Amino acid sequence: FTQKEFNGVDSLILSCLSYINFPTNIEQVTSWEGVRLADLYLAEYFEEMFNKLWSEQESLQLFAAVCASPRFRNVKAMGYTNQFDSTKEKQFCAITFKLTDSLYYIAFRGTDSSLTGWKEDFNMAFSYPVPAQLEAVSYLFKASLKCDGTLLVGGHSKGGNLAVYSAMNCDMVIQRRLKRIYSHDGPGFVQSVLDSSCFNIIKPKIDKTLPQSSIVGMLLEHQEDFKVVKSNRSSIWQHDPFSWEVKDGDFNYIKKLSADARYFDQTLNTWIRS
């Protein structure tokens with residue numbers, strides 16, 4: 001990271017890692033001591049780590065590449081928490097990655113394959129805040145106390161929304177330490193939130209990326225500037241981050257969303273607002 005600055009592809013990689021079920025019997029993972037990613041590449045952990053993920057095989061391949069990479073293998077994973085409450089309709093997971101002695105990335109997991117996770121997503125259309133959003137603020141506060149230095153936050157899908165929400169609702173002291181806020185195809189917010197002063201304070205730090213036929217990332221209102229990434233899949237399947245194309249160490253950007261995506265998003269958001 002001293003040779004090549006942290007960028008959006010790095011963020012998406014770490015966001016994808018947040019979907020992994022890190023072994024909770026390893027104290028360094030759940031505490032703030034941390035453990036090297038390469039030290040977690042042990043076959044006896046794989047069943048727990050990759051079971052019931054959206055993309056089990058791709059996630060295992062990504063983890064193997066990360067653990068072999070000189071850029072990522074010495075990154076430490078810490079502060080892992082995975083909370084699930086079907087009664088409160090809450091699905092929340094977060095993990096912090098220590099990139100260098102003075103740079104940390106806080107990753108919020110997106111929606112998992114549970115019914116509760118999806119119900120919480122739909123609740124975002126008419127309820128504010130949802131339990132995972134409140135939990136994200138609390139987690140960012142805890143992480144800020146344990147991590148000395150510059151902070152980055154981000155996530156894919158709902159994780160991107162949680163990253164933005166936590167950043168706009170955290171203490172101003174923490175906001176000053178936040179260098180960048182990454183939302184990878186994360187849904188937006190209701191208009192009243194986007195009109196608020198707390199959102200406008202952090203808006204210049206938001207780095208939002210969408211695939212060309214984005215549906216999830218265009219849900220609700222969105223005032224963040226966004227960049228469009230070329231995906232090798234179609235329609236809703238472009239939400240899969242493993243379909244996003246990379247070119248020369250950065251995303252393969254294109255000029256705008258597809259026409260069918262713009263029509264679908266306008267129609268769906270009109271329905272949600274009603």
For the ranges 57-64, 171-178, 159-166, what's the packing order if you count other beta-carbon atoms within 10 Å of each residue, average per peptide, and put the highest first? 159-166, 57-64, 171-178
Any chance you could give the angle, 0 to 90 degrees and rounded to 10, that helix 158-169 forms with the longest Cα principal axis of the chain? 90
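In deg cm²/dmol, rounded to 500, what helix-only [θ] at 222 nm does the chain give when every DSSP H run of at least 4 residues adds -39500 (n - 2.57) and the total is split over its residues? Display every interim value, and only then the final one.
Details: 11 runs with 103 residues, N = 274.
Counting only the DSSP helices, I get -11000 deg cm²/dmol.
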Using heavy-atom solvent-accessible surface (probe 1.4 Å) with all chains present, what is the largest-first order of His239, His184? His239, His184
As I understand it, the dipole of the chain uses +1 on the Cβ of Lys and Arg and -1 on the Cβ of Asp and Glu, about the Cα centre. Which of Phe92, Phe22, Phe1 lies farthest toward its positive end? Phe1
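For the chain, what does the alpha-carbon gyration tensor say about shape, rounded, prolate or oblate, given a ≥ b ≥ c as the root eigenvalues, a/c under 1.5 as rounded, and a/b over b/c as prolate? Walk me through the numbers before you get to the answer.
Values: a/c = 1.40, a/b = 1.28, b/c = 1.09.
Verdict is rounded for the chain.
So, for the chain, what is the accessible surface per residue at a probe of 1.4 Å, expressed in square angstrom?
On the way: 12820 Å² over 274 residues.
Each residue of the chain exposes 47 Å² on average to a 1.4 Å probe.
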Hey, what do the phi angles of segment 241-248 turn into as Karplus ³J(HN,Hα) couplings, whole Hz, using 6.51/-1.76/1.60 and θ = phi - 60°, x for Gly and Pro? x, 6, 9, 7, 8, 10, 9, 6
Quick one: angle between helix 8-17 and the longest Cα principal axis of the chain, in degrees between 0 and 90, rounded to 10, please. 70
Compute the angle between helix 131-146 and the longest alpha-carbon principal axis of the chain, please, reported from 0 to 90 degrees and rounded to the nearest 10. 40
What accessible area, in Å² to the nearest ten, does a 1.4 Å probe give for Ile13? 40
Given H placed 1.01 Å from N in the peptide plane, which residues other than close sequence neighbours of Val246 have an amide H under 5 Å from its amide H? Asn252
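Of all accessible surface on the chain at a 1.4 Å probe, what whole percent is carbon and sulfur? Display every interim value, and only then the final one.
On the way: 6760 of 12820 Å².
Reported share for carbon and sulfur atoms: 53 percent.
The values are calculated or read from the model by the stated rules, or taken from the named source; none is laboratory data. Since we're looking at a predicted model, the values are computed, not measured. All Cβ positions, glycine included, derive from the backbone under ideal geometry; neighbour counts span all protein chains shown. What goes into the accessible areas is simple: the full protein's heavy atoms, side chains included, and nothing from ligands, DNA or RNA. Shrake-Rupley method; radii C 1.70, N 1.55, O 1.52, S 1.80 Å.
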